[in-house]
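The values are calculated or read from the model by the stated rules, or taken from the named source; none is laboratory data. It should be emphasised that the depicted structure is a prediction, and the values quoted were computed from it without experimental measurement. Note that we place each Cβ from the backbone using ideal geometry, even for glycine, and neighbour counts take in every protein chain shown.
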């Protein structure tokens, strides 16, 4: 049985969880409470010595970290994986873009704005800096989506899931979705793909029929 270790509310954890639901992959979900430091417990460190989530263990027992690496593994041989070498390279380009230009800024801004609001005032300057750093990446994605329904011309793929994880909760990071109307349209289109399950359902160990 495949195993996914994840925490509630995490865009990175949503990525493999959503992919497995949409692909109809059976898996065992274990929730890790990162706010209480459970990811650094001896029990979890015995699974993943790096002490971070998401973490995926294949049915053969191989551990895989990093949300987009897990996504790539899950997409192999499925309709989520682009078919041509050029499109696979383009998918990777956007997945690298997500981890360098979007997630590092949207995630912490959201954390201190919505998930841990008691720290919002104390981290106000940092939040403003993260928001400012995220806007150019969101603008670039919006421009790209002005002429593509999904990230790749061939349709919904692993690249969309990678970007969706944190982009779809940008408002929770204090970022105005009205500034990126094509991104907003894309978020709705992703949410209407077959087998989609929202982040709010992440705690449910469910497998949606592919």
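Within the stretch 176-192, identify whether any single residue is closer than 26 Å to residue 28 by Cβ and either at pLDDT 95 or above or touching a helix residue (DSSP H, G or I) at 6+ places or on another chain (Cβ under 6 Å) (or both), and answer yes or no. Checked against the condition, which is being closer than 26 Å to residue 28 by Cβ and either at pLDDT 95 or above or touching a helix residue (DSSP H, G or I) at 6+ places or on another chain (Cβ under 6 Å) (or both), the stretch 176-192 yields at least one hit. The residue that is farthest from residue 152 (Cα to Cα), among those in the stretch 187-200 that are surrounded by fewer than 15 Cβ atoms within 10 Å (Cβ to Cβ) and free of Cβ contacts under 8 Å to residues at least 40 places away in the same chain, is 200.
Residue 164 meets each of the listed conditions (1) under 26 Å from residue 72 (Cα atoms); (2) touching a helix residue (DSSP H, G or I) at 6+ places or on another chain (Cβ under 9 Å); (3) not in a helix (DSSP H, G or I) apart from (3).
Return yes or no: is residue 109 assigned by TED's automatic domain parsing to the domain that holds residue 160 and either in contact with a strand residue (DSSP E or B) (Cβ under 6 Å, 6 or more places away or on another chain) or not in a strand (DSSP E or B) (or both)? When the stated conditions are applied, residue 109 passes them.
For the stretch 186-193, the condition holds for at least one residue, the condition being that it is in a loop (DSSP other than H, G, I, E, B) and either in the same structural domain as residue 21 (by TED's automatic domain parsing) or within 18 Å of the chain's Cα centre (by Cα) (or both).
Outside the structural domain of residue 68 (by TED's automatic domain parsing) and either exposed (fewer than 15 other Cβ atoms within 10 Å of the Cβ) or assigned to a loop (DSSP other than H, G, I, E, B) (or both): does that describe residue 159? Full working, then the answer.
Values: outside the structural domain of residue 68 (by TED's automatic domain parsing): yes; either exposed (fewer than 15 other Cβ atoms within 10 Å of the Cβ) or assigned to a loop (DSSP other than H, G, I, E, B) (or both): no.
Spelling it out, it is not the case that residue 159 is outside the structural domain of residue 68 (by TED's automatic domain parsing) and either exposed (fewer than 15 other Cβ atoms within 10 Å of the Cβ) or assigned to a loop (DSSP other than H, G, I, E, B) (or both).
Can you name the residue in the stretch 123-139 that is without any contact (Cβ under 8 Å) to a residue 40 or more places away in the chain and either in contact with a helix residue (DSSP H, G or I) (Cβ under 8 Å, 6 or more places away or on another chain) or not assigned by TED's automatic domain parsing to the domain that holds residue 167 (or both) and, of all such residues, is nearest to residue 178 (Cα to Cα)? Out of the qualifying residues, it is 136.
Selection over the stretch 175-185 of residues that are closer than 20 Å to residue 107 by Cβ, free of Cβ contacts under 8 Å to residues at least 40 places away in the same chain and part of a helix (DSSP H, G or I) gives a count of 2.
Would it be correct to say that residue 103 is out of contact with any strand residue (DSSP E or B) (no Cβ under 6 Å at 6 or more places or on another chain), closer than 17 Å to residue 171 by Cβ and assigned to a helix (DSSP H, G or I)?
Numbers: out of contact with any strand residue (DSSP E or B) (no Cβ under 6 Å at 6 or more places or on another chain): yes; closer than 17 Å to residue 171 by Cβ: yes; assigned to a helix (DSSP H, G or I): yes.
So residue 103 fits the description; yes.
Within the stretch 36-75, restricting attention to residues that are touching a residue at least 40 places away in the same chain (Cβ under 8 Å) and assigned to a helix (DSSP H, G or I), the residue that is surrounded by the fewest Cβ atoms within 10 Å (Cβ to Cβ) is 72.
All told, residue 100 falls short of being over 14 Å from the mean Cα position of the chain (by Cα) and on the phi < 0 side of the Ramachandran plot.
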